[in-house]
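What follows is a short report on a single structure.
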Amino acid sequence: MLISIIVPLYNEETNISILHEKASNVFLNLSHQFEIIFINDGSTDQSLNVLKSLSERDEHIKYISFSNNFGKESAMYCGLEHCNGDAVIIMDSDLQHPPEIIPKMIQLHEDGYNQVVALRNRQNESFIKKIPAKVFYKLSRYMIDVKLKSGEGDFRLISKEVVNSILKMTEYNRFSKGIFEWVGFNKTTLTFEHQERNDGHSKFSVFKLIDYAIDGIISFNNKPLRLCFYFGGITMFICLLYIVITFVNILLHGIEEPGYFTIISAILFLGGLQLFSLGVIGEYIGRIYYETKDRPKYIIEQTNLKTHK
């Protein structure tokens, strides 16, 4: 069986060789063939030169280098399109995903599982990261149609059947965590201890993580739009009720001088509701805009692959 390891990376020149060594050592005790496909997502450091040097010394190393930074989602999709493995492992390049658990993942796959998901133990994770993650997964239970589990990420082994199913989903705006769950197939989890980044710094800022969470919520349902409908209906009912009460009050007691608080509250509340609703609608329209452009998800500038799919 051929195992393909897909590694998206951006500015990871100091980690590539270490990951290559650790992953290669894992397969010394396995009978399976393997290939490691590094997807260089427009790095501005020496990552590409490191990949070229490694590929010259090791035939198991394949690399694809993008012409620009297209994002991790595009890099993963590219790797899935160009891999040849009977099973595929997706992992990060910063060594937070330990290659040492790969044999166990392969064993579980041979036991019949199409998805073997590495579940990260968050015990050693910083408090600052735990809270936003906890809030997101709480919200996802009510806002996302697919079931997401805290600690489950892109680090997983998937069968060829799963890969083919994912490649049929050709949308430009991608949220892989949701896609993995949406395609289904029998799945099991394998827990590993949270690892600190080996070197460098995370490419995800707080704002990028918030954007990623919004992508997850919007990509798999229309509940935010439905929420706007409910808010609008409730607000309209309250406004109509207020109008009726005010009209009855005028009939019984005559016209009173309108209160400043009432006017300001009504304007601010209705204005805020309208802006919120427009923002949600705008997110969906923006995604429609990108989908109708039908632009490629990535552009390959250099690669050592002999054939392109």
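The values are calculated or read from the model by the stated rules, or taken from the named source; none is laboratory data. Everything numeric in this text was worked out from a predicted model, so none of it was measured. The accessibility values were calculated without ligands, DNA or RNA, using every heavy atom of the protein model including side chains. Shrake-Rupley method; radii C 1.70, N 1.55, O 1.52, S 1.80 Å.
Considering amide H positions built from the backbone, and no H for Pro or chain starts, which residues 5 or more places from THR189, or on another chain, come under 5 Å of its amide H?
Amide H neighbours of THR189, under 5 Å, 5+ apart: VAL117.
Can you list residues from other chains, or at least 5 along the same chain, whose modelled amide H is less than 5 Å from the amide H of GLY85?
SER4
How do GLU81, GLU152 rank by accessible surface area computed with a 1.4 Å probe, from largest to smallest?
Accessible-area ranking of GLU81, GLU152, largest first: GLU81, GLU152.
Quick one: compute a quarter of the convex hull surface over the Cα atoms of the stretch 1-92 and quote it in nm².
Its Cα hull, projected and averaged over all orientations, spans 5.4 nm².
At a probe size of 1.4 Å, how large is the accessible area of HIS32, to the nearest 10 Å²?
30 Å²
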